[in-house]
Every structure is written in structure tokens, then in C-alpha cells.
């Protein structure tokens, strides 16, 4: 049966002298593989359909081996400014790696919404202000990691102490695993940075990045570094073969 769908290209690899197989995340949240037969020598089909990080729209057939076959397709958005140089491509690859890991579970349309919004926003942001790439990309990654961990069910209750379940107030410290916090009564390492981070994570769960960008930009270097330490630990604890994000 012929089907139609929108998808983001997460990964690609050669599967023959002239063939490419791509790993796609569809707008339904389902991850699948698309076989592009003869795409590297085709004069009718653009190889851009297999470009990593692109948004495509395709008509395809489902095969018995669970691999899709392309009938026709178009590139909806290439996100050029995320591919303009190595640093931009490295940022893009981190978004896609996290998305692939999150997509390994049950299909969740909200994952597609998250990555599509991140790609569009980052592409327009870097187009308008490329001089702030290092700062903007770091803050976007922090936000994206929090949302990914939340979607995967690894984000703990950041408003209460993981040990005594009392509300976190004033001072806090990272717990031993995942995004969890200890209160000042349960950890001698509790400090103001920990409490600030717990508040930031709570806001990232509920608000869009564009609504938090100014607040994140105003955070001290110590706060951002402390936040990255906890997120790095959460990634290492929660994800198989954890990628290096920070």
C-alpha cells in the first residue's frame, strides 16, 4: 500500500554501490528505515533526500522486511545554517544522536515535534546571529537534553529531595544518578547553584526555549557548568552507550 509521510533523516549509510538506506523519524513518532535504490546514480531522484538532518516528505511502500521503499519524495527543509561548517554540523549531530536514542522506545509524536522545532529554531537563530553560535548552541543543547530525558521518563522530581522527599528550598545538590536533587539536610554539598539548577530544569519542562532564552543567557558561568555536570551524569546513567554532549 502506498503511504505518505513527513520525516527527519537521522542517519544514513551505504547499502550497495549505488544505494543508500536512511533512518527516519516520522511525524507520528515512529522510527523506520527507507531504502533508496540507485539514488547515487539517479537523474530523477535527488540524493538530498538522504542528507542527514533534513526534513523530507515522501510517498513510500512498506515491505515485508519492515524496510520502506521510496516511490517519490521532496526535501521540505534542508536547514542549511546547521550544516555550514564543522561546529554547526557537530551541534546538529548531537541533536540527532539524542533523538535516535529517544526514538528507540515506543513511538511518540512529541519527540518529532521537539526535534523539528529545535531544527527550525536553531537554523533561524544561527542565520540571524552567527556570532553567538557557541553560547546559543550550548544553551539549546542543555534545554534539548532536559526535554529528551523528560520524554524518555528519566527526569526525576526536581522539586523534592530524592532521599527524604521534602520540598527543595534554597540549597540543593545533585543526587547520585539521573536528574535528582538532595536537600540541604541530606547532603553537605548542597548549595545555591543546585537550587537554581532545579528551578531551571522545572522551567525547561514547561516552557519553550525561546521563552527561556534570556533567563538562561543571564545565568552565571558557574550555574551553567554545574547544570552541565548534572546533565552529563544523567546521560551517562540513563542512556546506553551514552554520547558525549558536553
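Scanning region 200-226 for residues that are over 17 Å from the mean Cα position of the chain (by Cα), over 23 Å from residue 88 (Cβ atoms) and either touching a residue at least 24 places away in the same chain (Cβ under 8 Å) or not in a helix (DSSP H, G or I) (or both) returns 200, 202, 218, 219, 220, 222, 223, 226.
Within region 155-173, the set of residues being more than 12 Å from residue 199 (Cα to Cα) and touching a residue at least 40 places away in the same chain (Cβ under 8 Å) comprises just one member, 155.
Does residue 231 satisfy the condition of being closer than 22 Å to residue 117 by Cα and either touching a helix residue (DSSP H, G or I) at 6+ places or on another chain (Cβ under 6 Å) or not assigned by TED's automatic domain parsing to the domain that holds residue 165 (or both)?
Values: closer than 22 Å to residue 117 by Cα: yes; either touching a helix residue (DSSP H, G or I) at 6+ places or on another chain (Cβ under 6 Å) or not assigned by TED's automatic domain parsing to the domain that holds residue 165 (or both): yes.
Yes; evaluated as a whole, the condition is true for this residue.
Scanning region 64-99 for residues that are in a helix (DSSP H, G or I) and surrounded by 16 or more Cβ atoms within 10 Å (Cβ to Cβ) yields 81, 82, 88, 91, 92, 94, 95, 96, 97, 98, 99.
Please work out if residue 110 is modelled with pLDDT of 95 or more, out of contact with any helix residue (DSSP H, G or I) (no Cβ under 9 Å at 6 or more places or on another chain) and either assigned to a helix (DSSP H, G or I) or under 19 Å from residue 24 (Cβ atoms) (or both). Steps first, please.
Numbers: modelled with pLDDT of 95 or more: yes; out of contact with any helix residue (DSSP H, G or I) (no Cβ under 9 Å at 6 or more places or on another chain): no; either assigned to a helix (DSSP H, G or I) or under 19 Å from residue 24 (Cβ atoms) (or both): yes.
It is false that residue 110 is modelled with pLDDT of 95 or more, out of contact with any helix residue (DSSP H, G or I) (no Cβ under 9 Å at 6 or more places or on another chain) and either assigned to a helix (DSSP H, G or I) or under 19 Å from residue 24 (Cβ atoms) (or both).
Among the residues of region 174-183, what is the count of those that are out of contact with any helix residue (DSSP H, G or I) (no Cβ under 7 Å at 6 or more places or on another chain) and either outside any strand (DSSP E or B) or touching a residue at least 24 places away in the same chain (Cβ under 8 Å) (or both)? Walk me through it before giving the result.
Going through region 174-183, the residues out of contact with any helix residue (DSSP H, G or I) (no Cβ under 7 Å at 6 or more places or on another chain) turn out to be 175-176, 180, 182-183.
Subsequent filtering for residues that are either outside any strand (DSSP E or B) or touching a residue at least 24 places away in the same chain (Cβ under 8 Å) (or both) retains 175-176, 180.
The number of residues fulfilling the criteria is 3.
If you check residue 186 against the conditions, is it farther than 21 Å from residue 146 by Cα, free of Cβ contacts under 8 Å to residues at least 60 places away in the same chain, surrounded by 15 or more Cβ atoms within 10 Å (Cβ to Cβ) and more than 25 Å from the chain's Cα centre (by Cα)? The answer is yes for residue 186.
With the structure loaded, tell me whether residue 131 is surrounded by fewer than 21 Cβ atoms within 10 Å (Cβ to Cβ) and part of a helix (DSSP H, G or I) or whether it fails that test. So that I can check it myself, show each step before the final result.
Numbers: surrounded by fewer than 21 Cβ atoms within 10 Å (Cβ to Cβ): yes; part of a helix (DSSP H, G or I): yes.
So residue 131 passes the test.
Any chance region 139-147 includes a residue that's surrounded by fewer than 21 Cβ atoms within 10 Å (Cβ to Cβ) and out of contact with any helix residue (DSSP H, G or I) (no Cβ under 7 Å at 6 or more places or on another chain)? Taking every residue of region 139-147 in turn, none turns out to be surrounded by fewer than 21 Cβ atoms within 10 Å (Cβ to Cβ) and out of contact with any helix residue (DSSP H, G or I) (no Cβ under 7 Å at 6 or more places or on another chain).
On inspection, residue 177 fails the criterion of being surrounded by fewer than 22 Cβ atoms within 10 Å (Cβ to Cβ) and within 16 Å of residue 29 (Cα to Cα). Within region 18-46, the set of residues being at pLDDT below 90 and part of a loop (DSSP other than H, G, I, E, B) comprises 18, 19, 37, 38, 39, 40, 41, 42, 43, 44, 45, 46.
Looking at region 218-246, which of the residues that are surrounded by fewer than 14 Cβ atoms within 10 Å (Cβ to Cβ) and at pLDDT 95 or above is nearest to residue 145 (Cα to Cα)? Once the filter is applied, the top-ranked residue is 225.
Counting the residues of region 104-123 that are under 20 Å from residue 215 (Cβ atoms) and surrounded by fewer than 18 Cβ atoms within 10 Å (Cβ to Cβ) gives 2.
The values are calculated or read from the model by the stated rules, or taken from the named source; none is laboratory data. All figures in this text were calculated on a predicted structure; none of them were measured in a lab. Reconstructed Cβ throughout: ideal geometry from the backbone, glycine too, with neighbour counts over all protein chains shown.
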